[in-house]
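The values are calculated or read from the model by the stated rules, or taken from the named source; none is laboratory data. Just so we're clear, the structure is a prediction, and the values are computed from it rather than from any experiment. Positions of Cβ are backbone-derived with ideal geometry, glycine not excepted, and every protein chain shown enters the neighbour counts.
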Amino acid sequence: MSRRVAVYRTAHFNAAHRLHVPQWTEAENQAFFGLCNNQNYHGHNYEIVVRVEGEVDEVSGYLNRYEGVEAIHRGRGNRCFRS
C-alpha cells in the first residue's frame with residue numbers, strides 16, 4: 001500500500017530596483033514612476049513556498065522527490081527570479 005505525503009519549504013529573499021528613463025528629466029521620472037524612481041532604489045520582500053507531494057518509498061520511508069525542495073535552499077531555485 002503506497003502513502004502520499006507533502007513537504008513544504010519556505011524561503012525568503014529581497015530585491016531592489018529603480019525605474020528610470022534616461023531621456024526624461026528627473027521631474028518627469030518622479031511624476032511617472034513615483035517611489036520606484038528613488039535614486040537609492042527601493043525594495044521588495046518576497047516569500048516563496050515550495051510544496052512537493054509524492055509517494056513514500058516503502059523501503060526508506062523517505063519522500064522520493066524531496067531533493068526538489070532542498071534545491072531552494074542551495075540556491076538552484078533562485079534562478080527563476082533572476083532577469
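Of note:
- Per-region count, segment 1-48, residues among the acidic types (Asp, Glu) and without any contact (Cβ under 8 Å) to a residue 24 or more places away in the chain: 2
- Residue match in segment 58-65 (condition: surrounded by 11 or more Cβ atoms within 10 Å (Cβ to Cβ) and either modelled with pLDDT of 85 or more or more than 30 Å from residue 2 (Cβ to Cβ) (or both)): no
- Considering (1) in a loop (DSSP other than H, G, I, E, B); (2) at pLDDT 85 or above; (3) loosely packed, with under 11 Cβ neighbours inside 10 Å, the lone condition that residue 19 does not fulfil carries the number (3).
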